[in-house]
Amino acid sequence: MKTILLSGNTSLSYAVKQLDVDVISAYPITPQTTMVEKLSEYVANGELNAEFIPVESEHSALTAALAASAAGARVFTSTSSQGLLLMHEILFITAAMRMPVVMGIADRAVSAPINIWNDHSDIMAQRDAGWICFFAESAQEAYDKTIQSYRVAEDENVHLPVNLNFDGFILTHTYEPVTTLDDEEVLKYAPKKIRSLVLDPKSPYTFGALGSPEYYFEAKYQAVKALEDSFDAIVKADKEYKKISGRGYGIFNAYMTDDADTILVSLGSIGGSVREIVRRMRRDGAKVGSLSLKLFRPFPAKQIVDTLLKTKSVVVLEKATSPGAISGPLHMEIQASLKTFDVTIPAINIIAGLGGREIGPEDIRIMFNKGLKVASQKRVDTIMDYVGVNI
Amino acid sequence: MPYKTVKDLPLKENFGPGHRLCQGCGAGIIARLVTKVAGDNTIITNATGCLEVSSTFYPDTAWGIPWIHIAFENAAAAASGIRAAYNAMIRKGLKDSSPNVIALGGDGGTADIGLQALSGALERGDHFTYICYDNEAYMNTGIQRSSATPYGAWTTTSPPGKLSPGQKTEKKNLVAIAVAHGIKYAATANVAYIVDAANKIEKALNTSGASFIHFLSPCTPGWRIDTASSVKVSRLAVQTALWPLYEVVNGEYITTVKVAKRLPVTEYLKVQGRFRHIVNKPEEVAKIQAIADSNAAKFGYGPLSQ
Ligand SMILES: Cc1ncc(C[n+]2csc(CCOP(=O)(O)OP(=O)(O)O)c2C)c(N)n1
């Protein structure tokens, strides 16, 4: 065990090195670039015995990772924003072909206007691709979750790709002391497996055949069901990880939720700031709480609802939009989860932080106050609201 | 050892039976030949297109060797991934032998939508062989033009009309593009010249780094030809110098099949329904003859026989 100074990007690279990944294929894009640079450095100086494919696009990056995975290799790729959008077609194929590809996503706004700063528009546009989808709050968590991702992806009962989201610049470029495991511990926790269903002349298989209406539905169903069923493996991987590292994250971080009048649900790095505001507002007597989600796919609806059950209102803070829909992607899921379990709690949606617009302490207070107002009024005036935009 | 006659070809079949390609389809002949020459220790990646959909209609597969299809525009990138996986796993002692890696794509998957991925893989020099089976249009979606459709040809998106001769552009020169990447081996091939093609496939597979073969692939519905005539029509493409057979070894162009007396292009055009609308238009035929003449000059084909 060693504590080293790492950024979000280099914490992923470091974990990938320890995981003895065989093939990396990636294309640079801000703010993911320093991760790819570090990985090519590891390969160039022999610290990581892997092939680094300097592909000509993200479409090829994911294709090559998928194909290498099909050949039996442990693979890694990473991207952000426009790059993730360019991968769109292959994201679906990777999941439906059940390839245990792991990808880091340095979440960033999507064009236009072109913008390199953080929000979650990139991943939200890919949420139906069939991948397991994690969010990290810190470089430490990004490191830990990378290791967990391989354990989950390669689990025989899962066999699905995993993407690990960590906010552009806020996490990718911020250095913090990260406590790492020893190499042997990493490989003991996430051992490399010899898979038998791979591209190997010794036992020829056909991958990616045409699925007619007689077969397509079943293949799709199996991939969807696998994602749904991956939940147990995800929880178990986190618990086992805690045993060896002392660090576990659960599927979300619930802070002061038990007696809260309003709970703010968020994704990613903003969770820490939200908890700080909870502490401050609690000092002034406001009963507020925070739920910061770590797992977005499969969506832990039941567990979220159980946590929200006693509160009087919910505020869903969202760094993405779903234009023309009734609210943002995360809010729609929370709303649907509450309804599904017959729970009637008013839930409002707050869109903030698009394109890297800063979400300051005052903004979070405003959001909580909106939630408290809904809690006392017991009704919602505006479902979707914006904080921080000049209109 | 170079193949001298078809009798020298390996007997082992790794393509078919069970595919659903049309009678007389060139892609089937090519897939069969490629898998024969490449042998068991081979992995194929196939772009979306006729060959892919017709050979792997789940739960059937026509392939006796490992085969993967991912999408339309990325067969070359898939080949890079497979090669990288084997390189790393062999180094780590996880695999013991290095397979041939072959990417197969139609002209659409190669010259149009897949050109970027192909360029990336050729430029990186990844060790694989890309074989384009060129049926000169998007056949799988019902005969639409590609950048490899020859001048004057009818397709559903290059229809001849008052204002159009049919396809308005000349074929994209894929071999020249491949060679421009500095690869050590590139060649053209034709289903009527099987021994020539077999030797080229073998040479390509034995080349270190990337190699490329541009294979003319007759399409009976797309070219509007009789199902029994596809090899014959393909032979005319060579004999008219519209499809010269050559290889490019370390940048040097070498003609592999010489034609002493060329046939006029009308011999090729008149047997195909896709050229029916221009075969009686001398000014259009002259343009196509000029293409053949220029090929003949470049590759040392003989004069026109009258
Ligand atoms: C991204 C994408 N665009 C379009 C298609 C539809 N499509 C499938 S095959 C094909 C044409 C294939 O043409 P070619 O590569 O020449 O191969 P052929 O079918 O002629 O063998 C097209 C346009 C697709 N599958 N994917």
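No value in this document is a laboratory result; all are computed from the given coordinates. Source: prediction; values computed, not measured. Methodologically, a virtual Cβ is constructed for each residue, glycine included, from the backbone with ideal geometry; neighbour enumeration extends over all protein chains shown.
Figures for the structure shown
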quantity: For the range A:151-254, Kirkwood radius (reciprocal of mean inverse C-alpha pair distance, Å); calculated: 17.2
quantity: Among beta bridges that DSSP assigns inside the protein assembly as shown, antiparallel share in %, nearest 5; calculated: 25
quantity: Rg to Rh quotient for the range B:226-290, alpha carbon positions, Kirkwood Rh; calculated: 1.05
quantity: Of A:VAL224, A:GLY168, A:TYR27, farthest towards positive along the dipole that unit charges on Lys, Arg, Asp, Glu beta carbons give the range A:2-245; calculated: A:VAL224
quantity: Taking chain A and dividing mean pair separation by its residue count, relative contact order in percent (alpha carbons under 8 Å, at least six apart); calculated: 16
quantity: Directionally averaged shadow of the range B:24-79, computed from the convex hull of its alpha-carbon atoms, nm²; calculated: 3.9
quantity: Cα-only Debye scattering, the range B:116-204: base-10 log of I(q)/I(0) at q = 0.16, 0.22 Å⁻¹; calculated: -0.78, -1.09
quantity: Average projected area [Cα convex hull, the range A:195-244], square nanometres; calculated: 5.4
quantity: Local electrostatic count at A:ALA325 - Lys and Arg +1, Asp and Glu -1, tallied over other residues with Cβ under 14 Å; calculated: -2
quantity: Radius ratio Rg over Rh of the protein assembly as shown, counting only Cα atoms, Kirkwood formula for Rh; calculated: 1.06
quantity: Normalised per residue, the volume of the convex hull around the Cα set of the range A:252-386 (Å³); calculated: 99
quantity: Gyration tensor (Cα) of chain A, equivalent ellipsoid semi-axes in angstrom; calculated: 35, 23, 20
quantity: Rg followed by Dmax, in Å, when the range A:268-325 is reduced to its Cα trace; calculated: 13.2, 39
quantity: Dipole magnitude of the range A:73-218, debye to nearest 20 (Cβ charges: Lys/Arg +1, Asp/Glu -1, about Cα centre); calculated: 440
quantity: log10 of Debye I(q)/I(0), alpha-carbon scatterers only, for the range A:31-77 at 0.30 Å⁻¹; calculated: -1.19
quantity: Kirkwood hydrodynamic radius of the range A:57-110, from inverse mean 1/r over distinct Cα pairs, in Å; calculated: 11.0
quantity: Electrostatic dipole magnitude of the range B:6-299 [Cβ: Lys, Arg +1; Asp, Glu -1; Cα centre; debye, to 20]; calculated: 420
quantity: Average beta carbon contacts from partner chains per residue of A:83-96, 10 Å cutoff; calculated: 1
quantity: Sites B:LYS258 and B:SER294, calculated FRET efficiency, Cβ-Cβ separation with R0 22 Å, nearest 0.05; calculated: 0.85
quantity: Test item: Cα-centred dipole of the range A:257-391, Lys/Arg +1 and Asp/Glu -1 on Cβ, debye; calculated: 200
quantity: Rounded Å value of the spacing that divides the Cα centres of the range B:152-167 and the range B:87-112; calculated: 38
quantity: Radius of gyration and Dmax over the Cα atoms of the range B:1-144, both given in Å; calculated: 15.3, 47
quantity: Under 13 Å, Cβ to Cβ, from B:LEU104 - net charge with Lys/Arg +1 and Asp/Glu -1; calculated: -2
quantity: Coarse-grained scattering of the range A:54-160 at q = 0.12, 0.15, 0.16, 0.20 Å⁻¹, given as base-10 log I(q)/I(0) from a Debye sum over alpha-carbon atoms; calculated: -0.39, -0.62, -0.70, -1.10
quantity: Whether the range B:60-107 is rounded, prolate or oblate, judged on the alpha carbon gyration tensor where a/c under 1.5 counts as rounded; calculated: oblate
quantity: Neighbourhood charge, 15 Å Cβ-Cβ cut-off, centred on B:SER208 and excluding it, Lys, Arg +1 and Asp, Glu -1; calculated: +2
quantity: Longest to shortest principal axis, alpha-carbon extents of the range B:158-306, angstrom; calculated: 50, 31, 30
quantity: Distance between the range A:12-41 and the range A:264-329 - C-alpha centres, whole angstrom; calculated: 31
quantity: Signed unit charges on C-beta, dipole axis of the range B:82-151, positive-most listed residue B:ALA111, B:ASN87, B:PHE128; calculated: B:ASN87
quantity: Estimated translational D of the range A:96-224 in µm²/s (Stokes, Kirkwood radius over Cα pairs; 37 °C; 0.692 mPa s); calculated: 193
quantity: Linear extension gain, B:GLU267 paired with B:ALA180, 0.36 nm per residue minus alpha-carbon span; calculated: 28.0 nm
quantity: 10 Å-binned pair-distance histogram of chain B (Cα, whole percent); calculated: 6, 28, 37, 22, 6, 1, 0
